[in-house]
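The structure appears right after this line, and notes come after that.
The values are calculated or read from the model by the stated rules, or taken from the named source; none is laboratory data. Only a predicted model underlies this, so the values are computations on that prediction, with no experimental measurement involved. Methodologically, a virtual Cβ is constructed for each residue, glycine included, from the backbone with ideal geometry; neighbour enumeration extends over all protein chains shown. Accessible surface is based on the protein model in full, side chains and every heavy atom, while ligands, DNA and RNA are left aside. Shrake-Rupley method; radii C 1.70, N 1.55, O 1.52, S 1.80 Å.
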Amino acid sequence: MTLESKQLYYGPEKQEWVFSHNASFTHSLAKNPQQLDPIAHNFIRHTSEQHQLLIFLSGGCKMVTDEGEQVLQPGDVCFNSAMTYYGITVIDDTPYERAVIFFNADGSLDELAREVFGSAGIINVDIRKHLLPWIERYKEYAKMLPVKSFAPLGTTLIKELLYICMMSNSSVDNSIDTAENILKNALAYIDTHWPHLKNIQEISSALFISPSYLYEIFNKKMGIPPKTYLMQKRLQAAHAYLISGLQPIEVSQLVGFNTYTAFYRACKSFYGKTPQEIWMKKTPQNKP
């Protein structure tokens with residue numbers, strides 16, 4: 001099955017993009033510059049067979065659930081579990097933007113989401129530092145990668161978002177086990193130091209654990225080894241640098257590859273294109 005995409009128009013100024021894969025999860029990104037049609041832009045209370053993570057980026061809206069109503073703040077990540085009623089009401093004419101992730105109500109994502117959010121339902125996360133880079137990475141991978149490569153990566157990305165929420169919510173620190181505390185700290189360390197990390201042992205040393213234990217935790221909690229996660233971070237940044245116009249050789253050094261050959265092979269394997277081919281399709285944009 002191929003990765004399907006469609007556009008839904010709720011008004012002249014609003015578009016919603018939805019990508020789906022085997023109904024295992026979907027995501028949508030919606031932006032509404034003007035409230036041209038109040039009915040179309042309100043989402044009445046409803047249920048879903050899947051869990052939902054709603055990332056609220058800007059605007060004037062409130063979440064409506066059985067527990068009551070709550071005005072959403074920029075950076076709020078809302079967890080709406082399957083088969084529970086929820087909706088969104090637009091409360092003023094402020095332009096709003098949101099991203100929505102759906103995933104199946106079973107397996108590791110289900111368990112992790114319930115553990116991270118508990119009874120809170122909403123966790124506020126730094127937009128510029130965490131949410132916008134995560135959304136851009138998700139969109140880029142969904143667009144660039146073939147379905148077989150993106151399907152497991154999509155699950156990993158959702159796990160990453162859940163751990164970002166965990167890092168942003170200090171109230172869960174006492175309720176999570178040692179392994180998840182270590183993973184939370186490892187993700188934070190990688191996020192800060194990835195351009196200059198020499199090897200995975202540097203991470204384990206900073207956390208005062210063995211490299212084998214770090215591998216064990218990543219494989220169990222994230223579904224991939226830490227080396228793969230670090231490589232994904234570097235390649236995503238490399239792609240952004242290349243399409244911004246930086247030369248491939250310079251990019252390979254900026255994102256932490258020891259040799260251009262290693263960078264070339266990693267790009268070709270992950271994106272199906274060489275650094276030169278990505279660079280030749282460059283478009284004007286800001287560097288990451």
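Below is a table of values for the structure above.
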| item | result |
| --- | --- |
| Solvent-accessible heavy-atom area per residue, rounded to whole Å², over the range 123-173 at 1.4 Å | 41 Å² |
| Simple spin-label estimate for Thr178 and Glu136 in nanometres, 7 Å along Cα-Cβ | 3.9 nm |
| Flagged links, alpha-carbon separation over 18 Å, of Lys129/Lys268; Lys143/Lys220; Lys129/Lys233; Lys129/Lys220; Lys148/Lys198; Lys159/Lys268 | Lys129/Lys268; Lys143/Lys220; Lys129/Lys220; Lys148/Lys198; Lys159/Lys268 |
| Distance (nanometres) between label positions extended 7 Å along Cα→Cβ at Ala120 and Asn219 | 3.1 nm |
| Separation in nanometres of the label points that stand 7 Å from Cα toward Cβ, at Thr261 and Asn199 | 1.9 nm |
| Vicinal HN-Hα couplings computed from phi for the range 77-91 (Karplus, 6.51 cos²θ - 1.76 cosθ + 1.60; Hz; Gly/Pro x) | 10, 10, 9, 10, 6, 4, 6, 10, 7, 7, x, 10, 10, 7, 10 |
| Distance between the range 184-247 and the range 72-107 - C-alpha centres, whole angstrom | 29 Å |
| In order through the range 259-270: 3J(HN,Hα) via Karplus (6.51 cos²θ - 1.76 cosθ + 1.60), integer Hz, x for Gly, Pro | 9, 5, 4, 5, 5, 4, 5, 5, 4, 4, 6, 7 |
| Using a Förster distance of 35 Å, the FRET efficiency for Glu69-Met280 (Cβ separation, nearest 0.05) | 0.10 |
| For Gln50, residues with placed amide H under 5 Å, excluding near neighbours | Met83 |
